[in-house]
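My questions all concern the structure below.
The values are calculated or read from the model by the stated rules, or taken from the named source; none is laboratory data. Quick caveat: nothing in here was measured; it's all calculated off a predicted structure. Counting neighbours? That spans all protein chains shown, and the Cβs are built from the backbone with ideal geometry, glycine included. Areas reflect the complete protein model, heavy atoms only, side chains present, ligands, DNA and RNA absent. Shrake-Rupley method; radii C 1.70, N 1.55, O 1.52, S 1.80 Å.
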Amino acid sequence: MADGAPLTIRLELARAEDTGDAYAFRTGPQDYILRWEGGAFEQARLVWDDALQQDLAAVRLPGRDPELVRRIGVRLQRFLEPTRFRDLAAQIQAAALAGRPVHLDIVSAAAELYTLPWELLTLGDGRHLGELPDIVLQYRWPGAQPAPPARLPRPEGGRILLAWSRAFGGVGDGLTVDAIDAAARAGFVAFDRVKDVLPDMSLATLVAELERRVAGPDPPAILHVLAHGAPVGRSYGLGLDDGRGGREVVDAAALRRALAPFAAHLRLVVLMTCDGGNPGPLGALLGSSVQELHRAGFEAVVGSRFPLAGGAALEFAGALYGGLLERTCSIDQAFTSEHTRLARGTGLDWASLMLHGHARPGRGARPIVFRPHRGLLAFEREHARFFFGRDAERREAVADLQRLIADGQPRFLVVAGASGTGKSSVVLAGVVPDVEALGWTTAVMRPGRTPMRTLDEALALRPQDDRPCLLVVDQFEEV
């Protein structure tokens, strides 16, 4: 994300008539009330004619006409043009030019407005809103509140549960496991390729697995669902195994009822299913799976309103978890980073992926807990990204090691100092990553009562190649 204070905008809309009924939609001209922060109100009109409805149906299909995308964007622009948003659009463009992040909350008490891909809204320079760098578009249902965390303070770490179903076709589950595993290892986050993966998922097995996990000491903080979307009635649902050797489509309401009890535990749900964010035709009462989970109290829900192009779900998973686990980004930062990258391509996946969340601007949720301040605990190798200072000592230690090698001297270096001055931290979180960046391998041991066995165990974990290895003995006085 870019530096600087974010530009925050809340676009809150309600129908001028039947304001209290979110589903009182009718075709033809419809007036809406826009409420701005500070209490100002404005009115705008959108004509729900056949042309707009046909465009909304066609934009989700492959091979769409590029003019169709612009046509929808211009329609949204003209809808908001008579209002204050015209000036805000100029501010958004200026912020993007200056490298400032933009956070836009879209809150609508009229269900039909969620069928509009607001990412396509055309700005004055011809760009679509969602293709701007460093912009967070977050959808919120009015009155929806996140469930309070089940446990406070939340313990450090957190796990990911990947659940998949091939009931309606392949979903790239193996490659997704690889992507999550790679991000978890880079971020020093626990992920077990067997225990943290639920294959051939049915709704019943998913609920049973979540019940078992949340009752244990290490419940998941993230649920990642891989499946195909499929029509059910007038809306779309998840195509899952039925637990009896067949398959079924789980509608949004059934998914909400099944998963709502876990909203206090799961801080992020990722639905990598086509049409998971598609609320169905105008006037439909059920809403999308993403929206239903958002309203059930999940802190953040990510999904797709259109069918995703091949490979997009895999690329998104790798980028999302790389941001969350390795770079310790918030959900909106990680989501937006990949959103920006997708916008540089030729597809429309950047306008399809959407985030429903409750986080305030600048206070994005982090489902995996990291403790950058260690208190009296030493920094370990996995805390290197949180370790600052001691640069002179780090450079001196690496230079001394290189000098010993160059001079043909015994490769033995002692780091000495008073107890509690940070010797272990500077070595494990400073020198170790520094020499690894030079191409070395490392092994860390604490002698204890069986130093030779501990040594063998430490060396067995290092890569078996010809690179030089730095053996760290902490604490050496135990020898």
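Here's a check for you: in region 323-335, which residue that is polar (S, T, N, Q) and not in a helix (DSSP H, G or I) is least open to solvent (accessible area, probe 1.4 Å)?
Top of the filtered list is S330.
Let me ask you something else. Quick test for you: out of A89, A44, A96, A16, pick the one residue that is without any contact (Cβ under 8 Å) to a residue 60 or more places away in the chain and open to solvent by 40 Å² or more (accessible area, probe 1.4 Å).
A16
Now, a different point. Looking only at region 127-162, count every residue that is open to solvent by 20 Å² or more (accessible area, probe 1.4 Å) and either free of Cβ contacts under 8 Å to residues at least 40 places away in the same chain or β-branched (V, I, T) (or both) and tell me the total.
5
Scan region 190-198 and tell me whether some residue there is at pLDDT below 95 and either surrounded by 14 or more Cβ atoms within 10 Å (Cβ to Cβ) or not in a helix (DSSP H, G or I) (or both).
The answer is yes; a qualifying residue exists.
Touching an Asp or Glu at 6+ places or on another chain (Cβ under 7 Å), open to solvent by less than 10 Å² (accessible area, probe 1.4 Å) and in a strand (DSSP E or B): is that true of G229 in this structure? Spell out how you get there, then give the answer.
On the way: touching an Asp or Glu at 6+ places or on another chain (Cβ under 7 Å): yes; open to solvent by less than 10 Å² (accessible area, probe 1.4 Å): no; in a strand (DSSP E or B): yes.
Taking the combined requirement at face value, the residue does not satisfy it.
Can you tell me how many residues within region 274-315 are among the polar types (S, T, N, Q), within 14 Å of the chain's Cα centre (by Cα) and part of a loop (DSSP other than H, G, I, E, B)?
Residues flagged as among the polar types (S, T, N, Q), within 14 Å of the chain's Cα centre (by Cα) and part of a loop (DSSP other than H, G, I, E, B) within region 274-315 amount to 0.
I'm trying to understand the selection: among the residues of region 49-104, which are on the phi > 0 side of the Ramachandran plot and either basic (K, R) or under 25 Å from the mean Cα position of the chain (by Cα) (or both)?
Hit for region 49-104 is G99, nothing else.
Go over the candidates L320, L286, L308 one by one and state the one that is open to solvent by less than 10 Å² (accessible area, probe 1.4 Å) and in contact with a helix residue (DSSP H, G or I) (Cβ under 8 Å, 6 or more places away or on another chain).
On inspection, the qualifying residue turns out to be L320.
Cβ-Cβ under 8 Å, sequence separation 6+ or interchain: first residue in region 447-458 and on the phi > 0 side of the Ramachandran plot, partner in a helix (DSSP H, G or I). Which pairs?
G448/T454; G448/E478
Condition (residue is open to solvent by less than 80 Å² (accessible area, probe 1.4 Å), of a type in the set (A, V, I, L, M, F, W, C) and farther than 30 Å from G297 by Cβ) applied to region 361-375: is it met by at least one residue?
No, there is no match, as no residue in region 361-375 is open to solvent by less than 80 Å² (accessible area, probe 1.4 Å), of a type in the set (A, V, I, L, M, F, W, C) and farther than 30 Å from G297 by Cβ.
Of all residues in region 223-249, which are out of contact with any Phe, Trp or Tyr (no Cβ under 9 Å at 6 or more places or on another chain) and either more than 14 Å from N278 (Cα to Cα) or of a type in the set (D, E, K, R) (or both)?
R234, D241, D242, G243, R244, G245, G246, E248
Then there's this: Kindly indicate the residue of region 173-189 that is in a helix (DSSP H, G or I) and under 20 Å from H383 (Cα atoms) and also most open to solvent (accessible area, probe 1.4 Å) among those meeting that condition.
Here the answer is R185.
For region 457-470, what are the residues that are open to solvent by less than 70 Å² (accessible area, probe 1.4 Å), more than 28 Å from G375 (Cβ to Cβ) and not in a loop (DSSP other than H, G, I, E, B)?
Selection gives L459, C469.
Here is a yes/no grid of residues against (1) in contact (Cβ under 8 Å) with a residue 24 or more places away in the chain; (2) more than 23 Å from F370 (Cα to Cα); (3) out of contact with any Cys (no Cβ under 8 Å at 6 or more places or on another chain):
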residue: G170; (1), (2), (3): no, yes, yes
residue: G174; (1), (2), (3): no, yes, yes
residue: R185; (1), (2), (3): no, no, yes
residue: V197; (1), (2), (3): yes, no, yes
residue: P219; (1), (2), (3): yes, no, yes
residue: A230; (1), (2), (3): yes, yes, yes
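Test each condition in (1) open to solvent by 10 Å² or more (accessible area, probe 1.4 Å); (2) outside any loop (DSSP other than H, G, I, E, B); (3) touching a residue at least 60 places away in the same chain (Cβ under 8 Å); (4) of a type outside the set (D, E, K, R) for G239 and report the one that comes out false.
Every listed condition holds for G239 apart from (1).
What residue, among those in region 255-300 that are touching a Ser or Thr at 6+ places or on another chain (Cβ under 9 Å) and polar (S, T, N, Q), is nearest to A312 (Cα to Cα)?
T273
Quick one: A296 ticks every box in (1) farther than 30 Å from E382 by Cα; (2) crowded, with 24+ Cβ neighbours inside 10 Å; (3) modelled with pLDDT of 95 or more except a single one, so which number is it?
(2)
It is to be established whether one or more residues within region 425-445 are charged (D, E, K, R), open to solvent by 50 Å² or more (accessible area, probe 1.4 Å) and under 17 Å from H383 (Cβ atoms).
yes
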